[in-house]
Every structure is written in C-alpha cells, then in structure tokens.
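See below for the structure under consideration.
Nothing in this text is a laboratory measurement; each read-out follows from the coordinates by a stated rule. A quick note: this is a predicted structure, and the numbers were derived from the prediction, not measured. Heads up, the Cβs are rebuilt from the backbone with ideal geometry, glycines too, and the neighbour counts pull from every protein chain shown.
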Amino acid sequence: MKPVGVLFVCLGNICRSPTAEGVFERLAAEAGLAHRLRVDSAGTGPWHVGKPPDPRAVAAARARGYEIGHLRARQVEPADFERFDYLLAMDRHNLAALEAFKPPGFTGHLGLFLDFAGVRGLEEVPDPYGGGPAGFERVLDLIERGAEGLLRHLRHHDLR
Ligand code: 4NP
C-alpha cells in the first residue's frame with residue numbers, strides 16, 4: 001500500500017515545520033502507523049537551506065522528548081505536489097505562498113495544519129524566530145494539538 005504523504009511547511013524550515021515533523025513522526029510511531037506514512041517538512045523561503053533546525057527549536061523539542069537536530073532545511077519544490085497528499089502550512093502567509101505554487105492538477109489537500117486541531121479560533125502556528133523562549137513553547141503546544149488531530153483525521157480517512 002502506498003504510504004500517505006504529509007509535508008509540513010513553514011517559512012524557514014528551521015523552527016515550526018521541523019518541529020511538526022518530529023512531533024508527528026513520534027505520534028505516528030507510537031500509534032504503530034509510521035510505516036503507513038511518509039512525513040517531511042520544507043520552507044517556502046530559501047535562506048536556511050541545508051541548515052539544521054534553530055538551536056532554540058531543537059532544545060525546546062528535546063525537553064519534551066522529540067529529537068529534530070538531525071533534520072536539514074530545504075525549500076518547497078514543485079515535485080512536492082506530486083509526492084505528498086497533504087501539504088500543511090503553519091500560517092496564512094505560508095499557505096498563500098503554496099497556493100501560488102500549486103499545479104492545476106493537484107488532487108491532494110492543501111491547507112492550514114491547525115485546521116486539524118479542531119479548535120475554533122486556532123488557525124496559525126505563530127513564527128517564533130524573532131521572539132523569546134515562550135514562543136517556542138507555544139509552537140510545541142499548538143503542534144502537539146494539531147498532530148493529534150491530524151492523526152485522528154488520517155485514521156478515519158486515509159489509514160482505514
Ligand atoms: P520557521 O521560522 O518558518 O518556523 O522556520 C523562521 C525561520 C527563519 C526566518 C523566519 C521564520 N527568517 O526570516 O530567516
């Protein structure tokens with residue numbers, strides 16, 4: 001069976017989307033579903049390509065037991081719309097950038113990651129890059145909620 005592809009997308013691919021990748025990978029592994037999923041992350045911007053995640057994101061994730069330090073940033077590319085079934089943006093700005101890239105034949109799901117959190121009013125994972133440590137904790141709180149909701153959705157729709 002072809003794995004379901006999930007791509008998390010933010011701006012730099014060094015804070016939010018690698019965190020989402022790490023959190024969701026672990027959740028899927030704990031649920032025994034890792035082999036049914038193909039999970040990755042990418043950024044809409046080019047600035048940090050090839051770099052590891054921001055040390056603040058690595059430390060915050062590690063404090064909750066997620067290891068993301070081995071990941072390396074890359075930029076979204078057109079082939080991502082063929083390789084992945086779900087392209088999930090961290091905020092509206094990232095979503096707009098992806099919409100501009102989207103080929104006409106794309107049949108997958110392009111939307112906001114937090115739509116799967118199922119919490120009214122929760123839409124964006126705010127960019128923590130220019131802020132303090134609290135921003136990285138908030139990113140993790142939101143991503144843990146979103147990841148649970150996403151896995152629940154996939155169980156009901158794609159992983160039955
Ligand atoms: P991310 O955070 O999109 O969550 O990876 C950012 C990282 C870098 C920049 C902006 C946001 N930057 O402008 O370099």
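Overall shape: oblate for segment 1-63, with the ratio a/c of the largest to smallest alpha carbon gyration tensor axis at 1.5 or above and b/c at least equal to a/b.
Counted by Cβ distance under 10 Å from ALA42, the other residues give a net charge of -3, where Lys and Arg count +1 and Asp and Glu count -1. Once the chain from ASP158 to ASP141 is taken as fully extended at 0.36 nm per residue, the excess over their C-alpha distance is 3.6 nm. Under 1.5 on a/c is rounded, so check that first for the chain, then, if it is not, pick prolate when a/b is larger than b/c and oblate when it is not; a ≥ b ≥ c are the square roots of the alpha carbon gyration tensor eigenvalues. Because its axes are fairly even, with a/c under 1.5, the chain counts as rounded.
If you run the Gaussian network model on the chain, springs between alpha carbon atoms under 10 Å, then out of GLY65, GLY130, GLY43 the most flexible one is GLY130. Going 7 Å from the Cα of HIS109 along its beta-carbon direction, which residues of segment 43-74 have the amide nitrogen within less than 17 Å of the resulting point? Under cut-off, by backbone N: nothing. When only the Cβ of Lys, Arg, Asp and Glu is charged (+1, +1, -1, -1), the dipole of segment 4-157 relative to its Cα centre reaches about 220 debye. By the helix-only formula, in which each DSSP H run with n ≥ 4 contributes -39500 (n - 2.57) and the sum is divided by residues, the chain has a 222 nm mean residue ellipticity of -12500 deg cm²/dmol. For segment 83-141 versus segment 4-28, the inter-centroid distance based on Cα atoms is 10 Å.
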